[in-house]
């Protein structure tokens, strides 16, 4: 039994790996292609020439100003995707990313406007503030789930609504907004101090936000935690099978709370690139819906830090390039939303199909290899 | 006499190996012979009793179901091999065999859930081919699954009609039909009751009614008694007799000897995926059946010396757990349970499933909160600690349901090797994982415990049940546990792996391991344990010495009929052990993997 086994081992391992990669890439590539086809049909039906539209998007995407804009936006999307993905890895559906990042950035803007430390301290202070607030807000959903059995889907949706109300409650003159009489209708915090500004890189295509470094750091830490730490193993085990994790000694209650807090902490960072490099204050300019884009990005990126990077770039590219569609040729910009939506639907279906196929295929392969080994062993005995 | 109605293969061949019950089993050839059936039927009369009413056909008529040469292969294993079964109409036909023998696969084939690779199925004399359960239903075959498929928040009536709306509509006509069937077969079902308010036995009757409503005349019951208490079993059997008298054919899957003997008209035994014999329940004894079912793989109780020491390893005192059930009534699942296991001792817990075994295990593992009691391991009080701390303190755990509690099915083998021991070497160093160490150790486990796999990067789901179990045992043993909790360690495992698993437990026992063994297989319990306790409705009601007890007497105690210290008559014990021992010598272990779990 042993000799054929050891001989078959390296070959088997290699083949399984290449196949794994092919299977892994098949789903997103197919999903993107399918959504391109759907959008092309939609455009053609509405009497527009579809390939011209794709050409407009592509040529803007390859231009340097388009690339810088794409990268800046992808930074935000990446953080949103990572926040959602961290919870997904635990089988938790954190729909509350939206509320968590709004509160995070509000508090960061307030602290930034009130405190003026040297940049070395000020920047980390704002990052920590945003993460703490986001994490604490998310922990409410975690605690409710663990101690009261409330589904995190329900509680985070509710907390989103509550977060909006809390923002409204705090963002009044005399609380977080300055009490300066009624100079404008727009209510917003004071601008953050100059030391709170994050560094930027000037390129030929415009200003590249330095926050991309933070996004990369989050991705690296995410990957490291998942694959190299005991905590990450417990997290993945719980995500794969809660019952097996419980039996193996994982404290599932604590894991639920911890991962909600971490997810909320990452969510807290989402609003900071905009705050610290572009707008410098919190007001009506805050972009809603980033939490939901994060969920789409995480789904497309298969909850893996590297996958999310690609899907964040793709979503950012679609958004940025989509702005050119009405300008060049009068295409509706909404086609981009259609494309993003169809990608997500296709990819969810495709992943499940690929997952089942892969599992079945491996079972068959293992069976076939074992049968071959058994046959070989029998021959040896006979000889 | 030979079972003439079965119409089975060359009669001379069968007669040649026909035997009286006094012939030792070792003298008989088994499935390695050219003709692989042995008959234990001794009566001269018709094997199938003539139906008492409803069905015009007599025992000599066309069989209701005839399976010929059924073979089903899953990747790498053969789940069913050349199975022949003939079921006479209007009878209760029991299909017996251990867990993993291939009963379920066979029934899935008969019910159209899986297609056989070879062989033919004939229903009422007509050759049929089933592609979906729908085809089987159209032919009048219905199946009641072990796990009920009912919607809790619908009434009985709605559940029955669901999916069968075309038959009698969904209104008064359907309700009248339900009442009619219920009265006809004495099922006593109220169509307007909510399913969530029903007990297990009632739900089972609803399932049976559901099948009858769809016109089934051939009923497959998959281990129907596993979830029932003895009184409910009696009631079910009364229902089955009613069904029979109305001409319905019942195929009854079970591995419980006394139940089969009390209800069946004919018995077919399956072992290692093939039919090894038919028996007439009126003449066959439980012992003969057990011997047919288990074959030669029983470990012999006398072939070893006691390794029990005086050092106490596990001490459980007055454990109590009460759970509120669906109706809010508090049900005591563990009541005043106290036990001790010494170093080198295997304590077996016997009991019908659902009498508190699972809760006892989970209480010791720290997975269930206690309402009272103390758990002490090697002098350390573990009562207030979490599962991980208990594992680190030296408890190894082979869970009852390995897919649910023992493995991450979609993770590679080496990650599964970490599961449950992620805080220990070689899986981690400090807070960081050590994948290289875990991989290396997984290779060692694969080698030492003969886990048949092409590599350690494949997912656990792609291994067969026996190999998954060997991996789990290898993992748990690798951390030198002080106490091993083995819940049904050989359930759904092929026979080759079974013998290995037993041997591994024995070896560890010799080195001073204390084992808490829970098993539904009484022969396994008697063969392995040093002491046996019987659990019944959450209480340890009886104890026995495996050297002086038979499976039959233990089975009696499991139904709550006996308490205190059980001791069987010495002659019965001697006979039981003799059969077991002879069986062991007579047959060499065949390496054919017959594992029904593969491919799942």
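The values are calculated or read from the model by the stated rules, or taken from the named source; none is laboratory data. Predicted model only: the values in this text are computed from it and were never measured. Cβ placement follows ideal geometry from the backbone for every residue including glycine, while neighbour counts extend to all protein chains displayed.
Some observations on this one:
Condition check ((1) surrounded by fewer than 24 Cβ atoms within 10 Å (Cβ to Cβ); (2) modelled with pLDDT under 95; (3) over 16 Å from residue A:276 (Cα atoms)) across all residues:
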| position | (1), (2), (3) |
| --- | --- |
| A:81 | no, no, yes |
| A:88 | yes, yes, yes |
| A:91 | yes, yes, yes |
| A:94 | no, yes, yes |
| A:98 | no, yes, yes |
| A:101 | no, yes, no |
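- In the set (1) within 11 Å of another protein chain (Cβ to nearest Cβ); (2) over 22 Å from residue A:246 (Cβ atoms), residue B:416 fails one condition alone, (2).
- Among the residues listed as A:294, A:249, the single one being under 13 Å from the mean Cα position of the chain (by Cα) and under 22 Å from residue A:225 (Cα atoms): A:294
- Residue within segment A:350-372 that is under 20 Å from the mean Cα position of the chain (by Cα), assigned to a helix (DSSP H, G or I) and touching a residue at least 60 places away in the same chain (Cβ under 8 Å) present: yes
- Selection of strands (runs of 3 or more DSSP E) fully inside segment B:79-135 by the criterion of at least 2 residues being farther than 25 Å from residue B:292 by Cα returns B:118-123, B:126-128.
- Qualifying residue in segment B:367-380 (condition: under 24 Å from residue B:226 (Cβ atoms) and crowded, with 17+ Cβ neighbours inside 10 Å): yes
- Strands (runs of 3 or more DSSP E) contained entirely in segment B:497-568, each with at least 2 residues that are modelled with pLDDT of 85 or more and under 23 Å from residue B:358 (Cα atoms): B:514-518, B:531-536, B:539-544
- Any hit, segment B:395-410, residues being without any contact (Cβ under 8 Å) to a residue 40 or more places away in the chain, within 13 Å of another protein chain (Cβ to nearest Cβ), in contact with a strand residue (DSSP E or B) (Cβ under 9 Å, 6 or more places away or on another chain) and assigned to a helix (DSSP H, G or I): yes
- The set of residues from segment A:104-151 being in contact with a helix residue (DSSP H, G or I) (Cβ under 7 Å, 6 or more places away or on another chain), touching a residue at least 12 places away in the same chain (Cβ under 8 Å), part of a helix (DSSP H, G or I) and over 20 Å from residue A:218 (Cα atoms) comprises A:106, A:107, A:109, A:111, A:112, A:119, A:140, A:141, A:142, A:143, A:145, A:146.
- In the set (1) touching a residue at least 40 places away in the same chain (Cβ under 8 Å); (2) more than 22 Å from residue A:131 (Cα to Cα); (3) touching a helix residue (DSSP H, G or I) at 6+ places or on another chain (Cβ under 7 Å), the condition left unmet by residue A:63 is number (3).
- Flag if residue A:158 is more than 14 Å from chain B (Cβ to nearest Cβ), closer than 22 Å to residue A:95 by Cα and surrounded by fewer than 19 Cβ atoms within 10 Å (Cβ to Cβ): yes
- Test: residue in segment A:223-236 that is part of a helix (DSSP H, G or I), in contact (Cβ under 8 Å) with a residue 24 or more places away in the chain and away from chain B (no Cβ under 14 Å): no
- Test result for residue B:383, touching a helix residue (DSSP H, G or I) at 6+ places or on another chain (Cβ under 7 Å), away from every other protein chain (no Cβ under 11 Å), farther than 18 Å from residue A:242 by Cβ and without any contact (Cβ under 8 Å) to a residue 60 or more places away in the chain: no
- Flag if residue B:146 is in a loop (DSSP other than H, G, I, E, B) and either in contact with a strand residue (DSSP E or B) (Cβ under 8 Å, 6 or more places away or on another chain) or within 19 Å of residue B:207 (Cβ to Cβ) (or both): yes
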